Amino acid sequence: MATHRNDGYLERRYELEQMARDMFISKGGKPERKAPHYMVVGECDWLNTWYSEGKYLKFNISKFKVEALSFSYGDLFPTFSPRINDGREYRKQIYTYEEILKLIQKYGLPQNWNKDGLYGPERYIEVQVWDDEPISYVKENEKNLRE
């Protein structure tokens, strides 16, 4: 799926990342990176279909600095798409950890209520990880995580 990107994909990705970073900082976020690492809240079967042997890793939130995590209810691209104007409150929004917990309590995880994408483009909650520490943990423990 990722191999079928249009010519302006990277430019738009950089633009969205900067927008997300700026919005996050305005809410008190403390990013340590210019561009985020990407993760998803919970397992998403749909994402696993993108790969021949899709897998997932599960981390406790205690492995992260929550002040370095921002969230979008759905992938950044459709969340901030000018073509999607359905009035849903989570469009064009970036959330802190505390805010996304409230949104999850209200709507649940998209991968549970929108598995096939019939109810909109949101299929998962994207996590923008603005810190290298969790990724360093994965690299340091890669062998143990595979077992």
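The values are calculated or read from the model by the stated rules, or taken from the named source; none is laboratory data. Every value quoted in this text rests on a predicted model; they were computed, and no experiment measured them. Note that each Cβ is placed from the backbone with ideal geometry, even for glycine, and that neighbours are counted across all protein chains shown. Note: accessible area is taken over every heavy atom of the protein model, side chains too, but ligands, DNA and RNA are not part of it. Shrake-Rupley method; radii C 1.70, N 1.55, O 1.52, S 1.80 Å.
So the values come out like this:
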read-out: Flag if E15 is out of contact with any helix residue (DSSP H, G or I) (no Cβ under 6 Å at 6 or more places or on another chain) and not in a loop (DSSP other than H, G, I, E, B); value: yes
read-out: Which numbered condition L69 misses (of (1) over 28 Å from E11 (Cα atoms); (2) at pLDDT 95 or above); value: (1)
read-out: Residue match in the stretch 122-130 (condition: of a type outside the set (D, E) and more than 13 Å from the chain's Cα centre (by Cα)); value: no
read-out: Candidate set: the stretch 26-60, residues that are among the charged types (D, E, K, R) and either within 19 Å of L103 (Cα to Cα) or assigned to a helix (DSSP H, G or I) (or both); chosen: the one most open to solvent (accessible area, probe 1.4 Å); value: D45
